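Any read-out appearing in this document is the output of simple, stated calculations on the displayed coordinates, not a laboratory observation. Everything numeric here is computed off the predicted structure, so don't read it as measured data. We place every Cβ from the backbone using ideal geometry, glycine too, and count neighbours over all the protein chains shown.
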Amino acid sequence: MASENYGTGRRKSAIARVWLLPGDGIITINGRDFKEYLGRPVLEILVKSPLVLTSFDGRFNVKATAKGGGITGQAGAIRLGIARALVSYDENLRKELRGAGFLTRDSRVKERKKYGRKKARRGFQFVKR
């Protein structure tokens, strides 16, 4: 097994590159502490969830670079990246992570705006006078 494991995650328009390194559980995103970067406890739990599920929580340092999209999309991308990196570390974790839904790429993306409409589906306000 390699000393460094890599996983790519995508969510909406966010892309995350994630490296798992043997360590004591320090998570950095774009060179900053993940709690400072994400700013919301819900997103902190989301990012750590694959590590908590597989009980590797304090055994790996996570180094992630995220770009595109917003904070929530980036957090989802990092979660997928961590899950994929864990599978590259130990193939036996695949079933557990798959069962929890951590290896499924969320393919939902923003629908494009159409002409003659205000947004993708919402029409302009209409008054019958």
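Some values worked out for this structure:
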{"read-out": "Candidates per GluC sites (Glu not before Pro) in segment 1-102, loop by DSSP, up to 14 other Cβ within 10 Å", "value": "4"}
{"read-out": "Mean separation of Cα contacts under 8 Å, 6 or more apart, over the residue count of the chain: relative contact order %", "value": "33 percent"}
{"read-out": "Order by protection proxy (mean Cβ within 10 Å, highest first), peptides 55-62, 108-115, 6-13", "value": "6-13, 55-62, 108-115"}
